[in-house]
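Working notes for the structure below.
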Amino acid sequence: GLVFAGGCPRSGLTVLRKKLASHPDILAGPDTGVAPGIAFQWRNYAEILGGLHEKYFDLKPDYVAGNMGRFLENLLRAENETRVIVEKTSLNVTAFDALATILPAAKFIHVVRDGRDVAASLLERNWQDPATGQPFPHVCDRLAAIKYWSDLVTVGHAAEQKLAQNERIIRIRYEDIVRQP
């Protein structure tokens, strides 16, 4: 019942969400941003504290992963909600592997768009770092925009390799969504 969509910002995730939200059995709302944060907390725990907690407190990593997964699902799913939940925060793509660990039944959608179009769209944004008030490099420098897209697509492809064996992930191209909704 949980699907996480991700990809580089400006790759067509909102178009995908709107298409999916028109189906009566799917609840696809706006970005929440919570999934990557919780997944990164799990990843940090597993890499840094997991072994110590298992050794000294008999706290098994699978138990912690399950609890974090249930916590995330409870945040995303209202009580008595039976529809499939699609969460489409773009940076989910960076956490697909950790999300797959804490939510073993979750599915994933990697949205990819032509990098030239993504870079052009990013350069039209005025996104600023809240800490400094300065524009992010990927919205004001052409090469930084291309690298940003490339880095996120590379992360998505790596997740596809890991999750494809269990048929838990698909790649959807923006151009295909537009051509054949």
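Taken together, the values in this text are just the output of simple stated rules run on the coordinates, not laboratory data. Keep in mind it's a predicted model, so treat the numbers as computed, not measured. Cβ placement follows ideal geometry from the backbone for every residue including glycine, while neighbour counts extend to all protein chains displayed.
For the pairs K19/K107; K60/K162; K88/K147; K18/K147; K60/K107; K88/K162, flag any whose C-alpha to C-alpha distance is greater than 26 Å.
From K19/K107; K60/K162; K88/K147; K18/K147; K60/K107; K88/K162, over 26 Å: K18/K147.
What whole-number value in cubic angstrom gives the convex hull volume per residue for the C-alpha atoms of the chain?
In the chain, the Cα hull volume divided by residue count equals 138 Å³.
According to the square roots a ≥ b ≥ c of the eigenvalues of the Cα gyration tensor, what is the shape class of the range 114-165, taking rounded for a/c under 1.5, prolate for a/b larger than b/c otherwise, and oblate for the remainder?
Prolate shape, in that a/c is at least 1.5 and a/b is the bigger ratio.
Work out the length of the dipole vector of the chain about its Cα centre, built from +1 on the beta-carbon of each Lys and Arg and -1 on the beta-carbon of each Asp and Glu, and round it to the nearest 20 debye.
The calculated dipole for the chain is roughly 400 debye.
Going through the range 137-181, which GluC sites (Glu not before Pro) have at most 16 other Cβ atoms within 10 Å and a DSSP loop state?
E167
Using alpha carbons only, how many degrees (0 to 90, rounded to 10) separate the axis of helix 61-76 from the longest principal axis of the chain?
Here the helix axis deviates by roughly 50 degrees.
Could you check what % of the DSSP bridge pairs in the chain are antiparallel, to the nearest 5?
Here the antiparallel bridges make up roughly 5 percent for the chain.
I'd like the orientation of helix 34-44 relative to the chain: the angle between its Cα long axis and the longest Cα principal axis, in ° from 0 to 90, rounded to 10.
50
Can you give the helix-only mean residue ellipticity at 222 nm for the chain, where every DSSP H stretch with n ≥ 4 adds -39500 (n - 2.57) and the sum goes over all residues, rounded to the nearest 500 deg cm²/dmol?
The per-residue figure over the chain is -14500 deg cm²/dmol.
Rounded to the nearest 0.05, what FRET efficiency do E167 and Q128 have when you use their Cβ-Cβ distance and R0 = 45 Å?
That gives a FRET efficiency of 0.65.
Amide H neighbours of L59 under 5 Å, at least 5 residues apart or on other chains, H built in the peptide plane: list them.
Answer set, sorted by chain and number: E54.
I want the local charge near D114. Using Cβ-Cβ distances under 9 Å, sum +1 for each Lys or Arg and -1 for each Asp or Glu among the other residues.
Its environment carries a net charge of +1.
Please give the net charge around E160, taking every other residue with its beta carbon less than 14 angstrom from that of E160, where Lys and Arg add +1 and Asp and Glu add -1.
+3
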